[in-house]
Amino acid sequence: MLKLVCPYCGIEADETELVSGGEAHLKREGPDSTDDDFEGYLFLRENPKGVILERWRHAMGCGKWFHVARCTVTQEVFGTYPAQTFKPPPRIMEEIKSRRTGQENGLNSDKAEKFS
Amino acid sequence: MAKSTVGSTPKLNLLDDIGMILFRGDLKSKTLQNAIVEATGVKVPVRGKISTEDKTSIAWMSPDELLLILPLERVGELIEDLNHKMGKEDTLIWDISDLRSVFEIEGNFIREVLAKNTPIDLNRDKMRKGTFRRTRFGQIAVAFWFESETKWFMICRRSEAEYAQQLFEVSSKPGEIPSVF
Amino acid sequence: MSTRLPTGGRFIDRSKPLNFKFNSRKLKGFEGDTVASALMANDQKVVGRSFKYHRPRGIVASGPEEPNALFTIGKDGEREPNQVGTITELAEGLEVKSQNHWPTLETDIGSMANLGSNLIPAGFYYKTFMAPRQAWKHLFEPAIRQSAGLGQPPTESDVDHYEHFYLHTDILVVGGGVAGLLATRLLAETGLRILLLEQSPNFGGRLVQDHAEFGEGASQDWVNSTLQELSSSKNVTMRLRTSVSGIYDHGFVIADERLPNTSGKSGYLKRRLWKIRTKRIVLATGAIERPLCFAGNDLPGVRLASGVRDYLINYGVSPGDRTAIITNNDDAYRTAIALAEVGLSVPLILDTRMEIRGTLPTRAKNLGLRIEPARGIGEVLGKKTVSGLEMCSQVGEGTSLEKIGCESIAVSGGWSPTVHLWSHCNGKLKWDETKVMFVPDWKHPPIDSHGKQNIFPIGSANGYLQLHEISSQVEQIVRQVAREFDKDLPEIQLPHTREITEDRCYGTWLIPYSMKPKKKMKAWVDYQNDVKVSDIDLAVLEGFESIEHSKRYTTLGMATDQGKTSNVNGIALVSHNLGIPMDKVGTTTFRPPYSPIPLGAIAGSAGKELFKPTRKTPIDAWHVSQNAHWEPVSDWRRPYCYLLEGESVENAVNRETLRVRTTVGMLDATTLGKILVKGKDAAKFLDLIYTNAISTLKPGRCRYGLMCDENGFLMDDGVVARLDETTFLCHTTTGGADHIHGWLEDWLQCEWWDWRVYTANITDQYVQIGVAGPEARNVLDKLGGMDLGEEELPFMSWKKGILGGHEVQVYRISFSGELSFEISVRASEGLELWEKIHEAGQEFSIEPYGTEALHVLRAEKGFIMIGDETDGTIIPQDLGLDWAISKKKDDFLGKRGQQRSYLIDPDRWKLVGLEVLDNDEPLPHGVYAQGETKNEFDHPRMEGRVTSTYYSPILKRPIAMGLVERGTERMGEVLKFNCGNKMVKAKIVSHIAYNTD
């Protein structure tokens, strides 16, 4: 039963006050996209064993969507941040780095590079 | 050791003639802050709070939404005034006096009765006077705030008011209420 | 014979006798008794029958680890099966029934299984699955159903109440024994919020019955003064009878509180489920004593040594005049000493160890008790209960050296720390060879959301069984916990106690060491699930070497007690069999709940009418007064139809449908979603949300719009009204309002966050009244105040005005094909306006109509309904709605998805009408049209299905719509629908059945 800080309200919200929305930072592919790009946007998800960047909505609260960096193995949370961004803020990336020095349960290396 | 009480339980009363205005806009804007204070006499509350002056309260609903609570008869005129004062700035101001039901909760052990149905931290140092907390009550979305330990308020959607009343009644049955707050 | 002693029993109040019933026996106990202690005091030896073999079983333990004493408690609507007698408090008039026997507890036919118990070996269930299918169905299943199982689930509705309680705290201390109390007292000084939960009705744990002194004086005095101190601490909350059943992520804890029935009446608050959020958890859950595996160890009268001691000291109950002790450690000598001190006989102490040196055995020896080192039990004597035992050499094969008469055998196989809660969130365990126990591995603790250890085991839960070690251990750990909150514990005088030298326990897993196979079939490991030493041997022999496999194969530890007493012995036997060390075998996974929680407690107050919120419109009471027949539509309840006196539902629907077609009807349409969309970019935004163009809509006009998801699938539909240049009101389906509002916000917040658009779900602000039928305008004209003429208010337009004295918005839209208005008024005035319209409509015979008439009316006109014609895999093009999909727009949500090859396939099923040929019955809902050819699985190929089907009273025949392969190109073709018992023929026709112009 997770407890996440809504970055808009600044309060710890219970999982039952939230709705999850899957992987964050997906790029929308519109009418001109190739089949492969569209497939990636619509269907292909990372499902990592380790750190995931994901979307949550404070549904029983302010109604806003926010992003969370969470480890799917240990349920550690590295921080939450507003959804109006294309990549996680540096403080989140630093927190992940500081707690994931080895290879185990870290952020997928493509992502780590893309967002650093 | 936790004490138990028998008989002394809070009551839930539905309030009539409460006017409510939905106000969406850029809460950081000077125009907005001035418009609100000039039109209502109440300052825009900070995050997670409700500010009250006389019969008007303003609650922080989200980073771009306020809820104005005031006597019903003032609603029409105030909306006009606010729209005028906001000028060309993007806003959504709407009379939603009938959208939600407002309850007043009176009596002892209110925190305990609410704690049976809401996952929020109701400890006295966390849920303080001036806090406006949106959360759930059982299975419905609500918001709580209070004037004193023995006088609280709750709002929920109008269509869910009956559920809120029934759930409150069940939760405040005379019997054992563990006094923990 | 077990009986009540003339004195003693620190938990019972002899001045308060209680009457209760066990099966048909009327018995007496005292306030403070558990059901188990009262039964023992009344010499009830057999308390139940075992799960598989129906063996007679007696009480073994005194706490929640008890495997045998499961009862059905209460009667009628209070009845609860599988209640553990050792933790159920006795109450006046309590009805206790034993379980799993037929016809009676004493004479159980099922126990014949006992004779052939080798017929149900390990893996029995799996093996029978391998047998011919017929054998399972006709032979095994009926036999198992007859014999296996525990209590019967109650059939009556539960009359008692349950509730939840959410509590946030800094530190949760689990367990109110000596370690838990000490920890709480130390932590109380910090001012942090502390919650102390104890599962039993008494604080103190094992302190008082095991140790006379603690700190300055008597241990009971220490408990009392500590409790007194804590009860005056404002930051400390303590609850008794509250069992922590599970620890979950991020410091979430579930605890189950059993509330005593103080009124004695039924319908009381029975359980409170605590939902706790805590930053740190101090685990003082103690330890559980292990039984030993010897032949006949399941006979009633064989009990855990700690249990015997508890019944003696806490409840003043003698286990029998003569108690033999068998042990592999020093602790069991406490039981021997306690029995001897009250004047009961201890004929023999069998100690499996070679050397016996500790303080307690010396004390026992000084009391004149006979101690036999290196001895075990060859076999327990007695048929239904213990009558004696055969002593044997522990290192031998079990040859009887001497027969000893006794009524009771107290067993101690050492102690296992109660580490379940440590393990729920991934805390690892390690095997301590010296202590002979699995202890928490502090190198791999459970962690919180910051990656920091959040559970701290102390006392015997952490493997420290000696009282003289406890104080300093607890202090050290608790100091560490306090420091995490930046708090320092003050220097205080810790209570200490005289050191007692307890010699180490010796891991004795089989008694005797070379037990013969026949004896292994009588030596139980898991009492509740009937797992014997021989079953574990067989499982390993058949290759189930992983402990997770052998557990499932034998069902070891899988009963309601979750193997609290049996797990470690089982692991040891697997280790013994495979010849690999204990820590290589490992443990099975501990999962919540630690003790079973009743379903009622999980539901809490969400039962009966509070099971789910029912949303009601302001007209609801009026509907009730008009005898509405209800239909749930998402969370709302809506009238399906209104029943006249003696009228059938079918007739009511037909009457209401015809009323709209012939004169006028009125509908409560309040539940339809209403979402405001406003801002400079609102039109541009809605152009992307809807498949058709919204930006071209003029203020004052309405347009029917479709919303698709990114797959291109149709998600919701409704009428959009443009209120002014920058403001739109989007109507959604009843069930779609919250979802669509969330959908709009998602795109605005996460994709186009720089656009200037605000939305608001204002559904509940208004009552919406539909007035439909040829006379609709005439009714509204009677109310006066607004010109609703064709020119002033043409089709698909809206206007504001005063109608019958109310401020309203009137929308000229139609979902029935008839002249129709939807009037929107503020919710608080809704009922008044509704009644005015109803009154004004009387001369036109106006009638309210419900959702079913609405459906018939729309289906007659071929209008689609989200959820009927759509199911999340249908694109608008399938439904002939191409006209509502803009060809000009570069983009809208779903446009790219609809370009995919599968969705532009000309073979897709298309919406058509279906006319039944053979009879007057409407087609059943959802039936499929069966083609002439077969598919790749050799099943008939399906070529269509029914999506909407009704009887049309205006056409006086059934009508239907359906999706049919290339349907629109196959007009006039006849399809065969498989309606289960018959094939029904229907012709493909236009989907518009009524008034096709």
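Coordinate-derived values only; no laboratory data. Keep in mind it's a predicted model, so treat the numbers as computed, not measured. Note that we place each Cβ from the backbone using ideal geometry, even for glycine, and neighbour counts take in every protein chain shown.
Take chain B and mark each of the GluC sites (Glu not before Pro) that is in a DSSP loop with at most 15 other Cβ atoms within 10 Å; the longest unmarked stretch, sites excluded, is B:1-88.
Mean Kyte-Doolittle hydropathy of -1.0 or higher plus an axial Cα length of 24 Å or more: which whole DSSP H helices in chain C meet both?
Numbers: long enough: C:467-483 (25 Å, -0.24).
Flagged H segments are C:467-483.
What number, in percent, do you get for the relative contact order of chain C if the mean sequence gap of Cα pairs under 8 Å and at least 6 apart is divided by its residue count?
Details: 2315 pairs, mean separation 86.4, N = 997.
Computed over chain C, the figure is 9 percent.
Taking label points 7 Å from Cα along the Cα-to-Cβ direction, C:Arg479 and B:Glu89 give a separation of 5.8 nm.
Per-residue Cβ counts within 10 Å, from other chains only, averaged over C:159-172: what number is that? List each step's numbers first, then the result.
Numbers: counts 0, 0, 3, 0, 8, 7, 8, 11, 8, 11, 3, 1, 0, 0.
Mean inter-chain Cβ contacts per residue within 10 Å come to 4.
Subtracting the Cα-Cα distance from 0.36 nm times the residue separation, let me have the gained length for C:Lys443 to C:Asn202 in nm, one decimal. Mind dumping the intermediate values first?
Values: separation 241, 0.36 × 241 = 86.76 nm, distance 3.35 nm.
Stretched fully, the C:Lys443-C:Asn202 segment lengthens by 83.4 nm.
Annotation for region C:610-662: chymotrypsin sites (Phe, Trp or Tyr not before Pro) lying in DSSP loop with at most 11 further Cβ atoms inside 10 Å of their Cβ are C:Phe611. Judged by the mean number of other Cβ atoms found within 10 Å, the most tightly packed of the peptides C:419-425, C:332-338 leads the ranking C:332-338, C:419-425. Grab the beta carbon distance between A:Val5 and C:Asp486, set R0 = 22 Å, and tell me the FRET efficiency rounded to 0.05. With a Förster radius of 22 Å, E is 0.60. The protection proxy used here, the mean number of other Cβ atoms lying within 10 Å of each residue, ranks peptides C:522-532, C:695-705 as follows, highest first: C:522-532, C:695-705.
Per the helix-only calculation at 222 nm, which mean residue ellipticity applies to the protein assembly as shown, given -39500 (n - 2.57) for every DSSP H run of n ≥ 4 and division by its residues, nearest 500 deg cm²/dmol? Mind showing how you got there, number by number?
On the way: 33 runs with 289 residues, N = 1294.
It lands at -6000 deg cm²/dmol.
Here is the list for region C:439-511: GluC sites (Glu not before Pro) lying in DSSP coil, each with at most 13 other C-beta atoms within 10 angstrom of its C-beta, are C:Glu491, C:Glu499. With both labels modelled 7 Å from their Cα along Cα-to-Cβ, the A:Thr101 to C:Glu839 distance reads 8.1 nm.
Distance check, please: which entries in C:Lys430/C:Lys584; C:Lys910/C:Lys987; B:Lys11/B:Lys55; C:Lys836/C:Lys861 exceed 19 angstrom between their Cα atoms? Flagged as over cut-off: B:Lys11/B:Lys55; C:Lys836/C:Lys861. Can you tell me how chain A classifies by the Cα gyration tensor, rounded, prolate or oblate, using a/c under 1.5 as the rounded cut? Oblate. Projecting label points 7 angstrom from Cα along Cα→Cβ for B:Glu77 and C:Glu229 puts them 6.5 nm apart.
Out of the trypsin sites (Lys or Arg not before Pro) in region C:902-988, which ones are loop residues according to DSSP with at most 11 other C-beta atoms within 10 Å? If you can, show how the numbers build up before the last one.
Numbers: sites: C:Arg908, C:Lys910, C:Lys934, C:Arg941, C:Arg945, C:Lys956, C:Arg966, C:Arg970, C:Lys976, C:Lys982, C:Lys985, C:Lys987; in loops: C:Arg908, C:Lys956, C:Arg966, C:Arg970, C:Lys982.
Filter output for region C:902-988: C:Lys956, C:Lys982.
Taken residue by residue and averaged, Cβ atoms of other chains lying within 10 Å of the Cβ of B:93-105 number 4.
Give the shape of region C:894-989 as rounded, prolate or oblate, defined through the alpha-carbon gyration tensor: a ≥ b ≥ c are the square roots of its eigenvalues, a/c under 1.5 means rounded, and otherwise the shape is prolate if a/b is larger than b/c and oblate if not.
Working: a/c = 2.28, a/b = 1.40, b/c = 1.63.
Oblate, because a/c is 1.5 or more while a/b does not exceed b/c.
Other protein chain C-beta atoms within 10 Å of residue C-beta, averaged over C:748-755: 5.
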